[in-house]
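Read the structure below first, then the notes.
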Amino acid sequence: MVAYIEQQTGLRFEIKCYPWSRTVALGTAGKGAILGLSKTEERDLIFEFSEPLYGVDTILVTKRGQEFPFESLSDLKGIRIGMQAGFKLNDTFEAAKRSYLDIDEDAGNTTSRVKKLLAGRVDAILIGGGQEGLFQVLRNDAILAARSKEFVALPRPLARNEFYLAFPKSMEIGEALHHINAAIRRGKQSGEFARIIGRHSPHDVIYEKAPVLSP
């Protein structure tokens, strides 16, 4: 996506990849833009957001035979949930985290959290990218692939989120953001973004290492 935006706008970015929590910290400190950041009220105060790049489902995954009813966040009371440190789903979820959810946050990758679920250290985990995000994690690890039938995604996604290119306001991106947004619209209308997402799962952007962009 960044290469497409560069091609369409003539802008150039230096790209460095870091673990997600460090990416967010660097962006918040004004050290660079973040590819694949969701919006919250808190982040709106810090970042200028592009038009949405893509949307994905965040799902709850548990061990088969240990499924539980889930229709609303209140159904998650008493359920220990593993998730990526620094990842913010939306304002409603953040409020529930502060109030009553039992969240186990860590800086590891999704594979390590699936193994934590397998060991019974959490009751469920969050995975981005919907069912394909889960399948990708299971395929890419020999232990998990051999035990893939032991995991199940709950039928109802936890959330449908849109993700953006976010520039710290201190960068004063200004007029360049209009050109970036125009490129994003062209990428969607032409189908190029859909092809890019098909080759590179958004799951990697959201839950593993993520790019920090510096003009």
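Points to keep in mind about this one:
- In a DSSP loop and with at most 16 other Cβ atoms within 10 Å, the GluC sites (Glu not before Pro) in region 1-108 are Glu67, Glu71.
- Size of electric dipole in the chain: Cβ of Lys, Arg +1 and of Asp, Glu -1, about Cα centre, debye, nearest 20: 600
- Gained length - Gln131 relative to Arg195, 0.36 nm times residue gap less alpha-carbon distance: 21.2 nm
- The loop-placed chymotrypsin sites (Phe, Trp or Tyr not before Pro) in region 1-101, going by DSSP, that have at most 15 neighbouring Cβ atoms within 10 Å of their Cβ come out as Tyr100.
- With the helix formula -39500 (n - 2.57) applied to DSSP H stretches of n ≥ 4, the chain reaches a computed 222 nm mean residue ellipticity of -10500 deg cm²/dmol.
- FRET efficiency, 1/(1 + (r/R0)^6) with R0 41 Å, evaluated for Asp106 and Glu175 via beta carbons: 0.55
- Here the label points at Arg186 and Lys16, each 7 Å from Cα along the C-beta direction, are separated by 3.0 nm in the simple model.
- Contour excess over end-to-end distance, with Cα ends at Ser99 and Val152 and 0.36 nm allotted per residue: 16.4 nm
- Farthest toward positive dipole pole in the chain [+1 Lys/Arg, -1 Asp/Glu at C-beta], among Gly55, Phe93, Thr110: Thr110
- For Gly82, nonlocal amide neighbours, meaning residues 5 or more places apart or on other chains whose placed amide H falls under 5 Å from its own, are Asp104, Asp123, Ala124, Ile125, Leu126.
- Extension gain for Glu162-Val2 works out to 55.9 nm (0.36 nm per residue, less the C-alpha to C-alpha distance).
- Greater than 25 Å apart at Cα, pairs in Lys97/Lys169; Lys77/Lys115; Lys16/Lys116; Lys77/Lys116; Lys97/Lys149: Lys97/Lys169; Lys16/Lys116; Lys97/Lys149
- Whole-Hz Karplus values for region 142-148 come out as 4, 5, 5, 4, 5, 10, 4 Hz, taken residue by residue from phi with 6.51 cos²θ - 1.76 cosθ + 1.60 and θ = phi - 60°; glycine and proline positions read x.
- Estimated FRET transfer efficiency when R0 is 25 angstrom, pair Gln66-Asn140 (beta carbons, to 0.05): 0.60
- Within region 55-159: Cβ-based charge dipole about Cα centre, in debye rounded to nearest 20 (Lys, Arg +1; Asp, Glu -1): 320
Taken together, the values in this text are just the output of simple stated rules run on the coordinates, not laboratory data. Worth saying up front: this structure is predicted, and the values here are computed from it rather than measured. In this analysis, Cβ positions are derived from the backbone assuming ideal geometry, glycine residues included, and neighbour counts consider all displayed protein chains.
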